[in-house]
Every structure is written in C-alpha cells, then in structure tokens.
1. Consider only pairs whose beta carbons are under 6 Å apart and that are at least six residues apart or on different chains; among these, list those whose first residue lies in the range 161-183 and is touching a residue at least 40 places away in the same chain (Cβ under 8 Å) and whose second residue is aliphatic (A, V, I, L, M).
2. Quick check: anything in the range 347-369 within 26 Å of residue 449 (Cα to Cα), in contact (Cβ under 8 Å) with a residue 60 or more places away in the chain and among the small types (Gly, Ala, Ser)?
3. Considering the range 246-274 alone, what residues qualify as being of a type in the set (Val, Ile, Thr) and touching a residue at least 24 places away in the same chain (Cβ under 8 Å)?
4. Quick one: which residue in 329, 366, 374 is open to solvent by 80 Å² or more (accessible area, probe 1.4 Å), over 23 Å from residue 397 (Cα atoms), part of a helix (DSSP H, G or I) and at pLDDT 85 or above?
5. Against the definition (modelled with pLDDT under 85, of a type in the set (Gly, Ala, Ser) and open to solvent by 40 Å² or more (accessible area, probe 1.4 Å)), how does residue 398 come out, yes or no?
6. Filter the range 259-295 down to residues that are open to solvent by less than 100 Å² (accessible area, probe 1.4 Å) and in contact with a helix residue (DSSP H, G or I) (Cβ under 7 Å, 6 or more places away or on another chain) and give me whichever is nearest to residue 229 (Cα to Cα).
7. Limited to the range 246-258, what total is found for residues that are assigned to a strand (DSSP E or B) and open to solvent by 30 Å² or more (accessible area, probe 1.4 Å)?
8. So, in the range 4-29, of the ones that are among the aromatic types (Phe, Trp, Tyr) and open to solvent by 90 Å² or more (accessible area, probe 1.4 Å), which residue ends up modelled with the lowest pLDDT?
Amino acid sequence: MSKLFFLYLIIPVLMLVLFFQSKDLVLPERIEDTGISRAYLKISLYIYRYLKERPFSFSREKIRTYLGTLEHRKDIDGVETEYFIRKISIVLLMATAGSFLSLMLCISSGQDGKITDSGTLERSDFGGKGYDVDLVASDEAGNELGQYHLSVENRIFTDEEAQRLFEQASVELEKVVIGENESFDVVTKDLDLVESLEGYPFDIRWKLDNYEVMHFDGRLIDENIPKEGVVVELVAWYSYKDLRWQQVFHANIMPRVLNPVERTYAEIEKLLKGADEASVEEREINLPKTYGNRQIIWSQKMQDNSLLLLLLTLIGGAASYVLKDKELKKTMEERQQELLSDYPQFVSKLVLYMGAGMTVRNVFNKLAVSYVKKRDNGAGKRYLYEEILRVNRELATGASESETYERFGARCMTKQYTRLATLLSQNIRKGNGELLALLSEEAQKAFEERMDKVKKTGEEAGTRLLLPMIIMLVIVMAMIMVPAYMAF
C-alpha cells in the first residue's frame, strides 16, 4: 500500500471530527440548505467562529463595506457570517472531494501493479494488449539503484501450443465459413471466407478451384451456377510464425431458390441486359415490352426534391425572422455608437455658434440646412443630423422649444444627449446666463469621454490580435524547427 494512503485520510477524518463538534450549531435563518451541504455549512460556522477571534483573522472591514452596499440589509453581521461560511464550505467540500478522489486513485494505482508477489511480470495471451511499465530497482537497504522502462509484449506460443490452437480453430472456422447455409452439402448463400479468427493468432489465406461461381471472399456468382450445381474445393492456409497448416472444405454450390418476387426481378433484369447488349450498335435501346404473359410499362424514376425545397424555404423564412431582429438590434447598436461619436463635435458647434451670438434655435436651423445641402451633394446619412433635422421641422411647425429639445434627448437614448437636452430645456424655461460656460464644460467632458473610449477600443483590439499572433509564432517556429530536425 502506498505511503500516501494515510495522508489522504487526514482531511476526511478531520471533517468527521468537526462534524460532531458542530452538529448542534444554529445556522443563520436565511440559509435553507439541507443534507451534506448543511452539514458542511455548520462545520464552516464552527471554523469561522474560531478564527474570527484570532489576531490573524479575516480582513473584514472592506468586505463589510461591500456587503452593506450590495445587500441593503440591517443585520450586516448576519450577512457577513453567511458570506464567510459559504466561502469556507466551498473550500472544505473541494478539499474533501479531492481527498476521496486521491484516495481512490491511490487504491486503483496499487491494484494496477503489474509485478506479482513472486517478482514476475505477466505477459498477455494473443488478443490481449501489451503494456509499458516503469520499474524501480532498489537494494535490500532501500537504496534506489535505478529507474527503468520496459515494454511487455504479448506471449508467443510454442509449436505444441500452436498445434492445439489450430485444432480448435479448425472446428471454429467451419462454423464461421458456412455463414447462413445449413451445411456444405447445399450452399445457396454466400460463404464467409474470413482472414482471421477472433481469439486465435493465425493469418488465414484461401485458395479456390473454381472462381467462376464464387469470388475470393465467398460471394456467389448466381448467373454462373449451373442448375445441377457444382462442387467447389476451398483450401484454408493457416500461418503463425514459420508454421503452416491446411484445412480443406468441399462446398456443393446450388442455384439459389428464389421466391416469386425475386424470380420476377431476376428475369426482368436479364431481359433488360439482353436488350442493352442487342442494341449496342443502335441509337436506341428497345426496352422489353412483355414478361411472360404480362405487359411491361416503363417509367423513369425521377428525383423529386420539391419537399426538401419547401422545408429549406420554411427554415430559411424562420431563420430570417430571427435574424431580422438581430439585424435590427445591431443597427440600433451602430446608431448608438455613431451618436456617441458625433456628440463631441455637435456640442463644440453649439458652443461656437452660440459664442458668436446665435440662439439655440438658430443653431439647430443652421446645422439642419447645412446637412441637407451635404445630402444633396451625395454625402452619407448621419443619425445625429437626421434628429437635428427633425427638431428643426418640429420647431418650424410651432412646437414648444423646450419640449422639442427634451424629445430630442429621449430619442437619442444616451445619457450624454439627455444631459444636453436638459441644459437646453432649462435655458428656455428658466433662463440661464451660464449656459455657454456649461456647454463649454460639456464639450470638454465629451472629448475626454471619447478619448477614453478610443483608448479602450484600442486595448480590446490588441487583446483580440493576441491569439492570431501566437498562432503565427507557432507556425513560424514550426517552419524553422521541422526542417532543422529533419536535417539530422
């Protein structure tokens, strides 16, 4: 038994002792676990109470702060206790599971030993598997003399053992070769001329005296079998090492007895082949018109994929229904990204034009008119300026200016535009002489946020490129090392 066996028992025994020590403890009311989980939670509570009063106790203050922020509960001590005992129980469960797994592996490793009590290694018989074994040589004092690796191959049979195996195999082979036939006296179905027998170390080769009625693997050639039948001699040659044996079978091959359906099929097939052979020099093949006293009507079997096409179209329709929603979601995400990208420039234009003495309403009008001219000249669509154009149209119809700006911020669906719309709306309702200064501050903040986002995007791109770079490095190393290795 391995010396580690008793080491793996330490943790399970310790858990058993702690279980009896903690079985009367009362867990916090919010813990509803049952079974083994509850037992481990009690053990964890016992350990937590023991360690809590020690000078090397948990760093609890920061954790208490986090728990108080997240849980919003008055009994912060209960929250803290529950948090720590659950953490401790996970550690204990993993430690116990690891100990039991290690214990089982240790036991199985001991049982898997190849060296017998008499100091021998056993070889497998034919059909078994060879194995590799790592050996350690030591002297009587326990001093290691060396470590060795040995590949143990299957046992090779002696000539006498091989002869006995042949006698057994010859009986077994006869049962296998006959296949679905009842005996070799009447063979109407294919024979099974195998090249090996399971459990025997022989290679088997076959020799036939008539290949016109039988293939080399035992399949019958029905059209060449005479009505009276024919006897075929089958010779099986066994080989093992440099030993050879011979076994002879005589099979009486008879025409297969066909049922009416099989007979009709075979005869019509024969008529069809005859029509083909008779018209090899003609442009057309005259298909047989009759079979016996029955008329034959021929039709071509067409491959109809209409049902498959319908299924594919239905699946495609369902897929497009789902993908359309995903496409819409992607478009919305792209819109949000574009709005955020244009925001710093938009706020800067507001500051610039308002600093020149223009009102907010006039700034929106100027931006809308400029955008329309660019669109007429072939410029692309921008979501922000489409919204500005919509604001300008609403103002032109006499809508409330403050409400229009608020709707503008709501449609943009980002906190930046909502914040800007609030500033503009308050300026209209209450008046604010510091609006220009607030907008300047907002413009500076917007550019800083954009720079942070660009920096974050660059870092993410670098992370995504890491895997391709590693793959390229491996390929380059392989291109260098493989030719160098092959050159030796």
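The values are calculated or read from the model by the stated rules, or taken from the named source; none is laboratory data. Quick caveat, the model's predicted, so the values are computed rather than measured. Neighbour counts run over all protein chains shown; Cβ positions are idealised from the backbone, glycine included. Just the protein is used for accessible areas: all its heavy atoms, side chains included, with ligands, DNA and RNA removed. Shrake-Rupley method; radii C 1.70, N 1.55, O 1.52, S 1.80 Å.
1. 162/243; 169/197; 177/191
2. The answer is yes; a qualifying residue exists.
3. Within the range 246-274, the first condition is being of a type in the set (Val, Ile, Thr), and the residues that meet it are 248, 253, 257, 261, 264, 268.
Those that are of a type in the set (Val, Ile, Thr) and touching a residue at least 24 places away in the same chain (Cβ under 8 Å): 253, 257, 264, 268.
4. Sole residue among the options that is open to solvent by 80 Å² or more (accessible area, probe 1.4 Å), over 23 Å from residue 397 (Cα atoms), part of a helix (DSSP H, G or I) and at pLDDT 85 or above: 374.
5. Numbers: modelled with pLDDT under 85: no; of a type in the set (Gly, Ala, Ser): yes; open to solvent by 40 Å² or more (accessible area, probe 1.4 Å): yes.
No: the conditions fail for residue 398.
6. If we filter the range 259-295 for residues that are open to solvent by less than 100 Å² (accessible area, probe 1.4 Å), which is where we start, we get 259-260, 262, 264, 266-269, 271-272, 274-276, 278-279, 285, 287-288, 290-292.
From what is left, the residues that are in contact with a helix residue (DSSP H, G or I) (Cβ under 7 Å, 6 or more places away or on another chain) are 285, 287-288, 291.
On the way: 285: 34, 287: 32, 288: 30, 291: 27 Å.
Only one residue fits best here, namely 291.
7. 4
8. Of everything passing the filter in the range 4-29, 6 is modelled with the lowest pLDDT.
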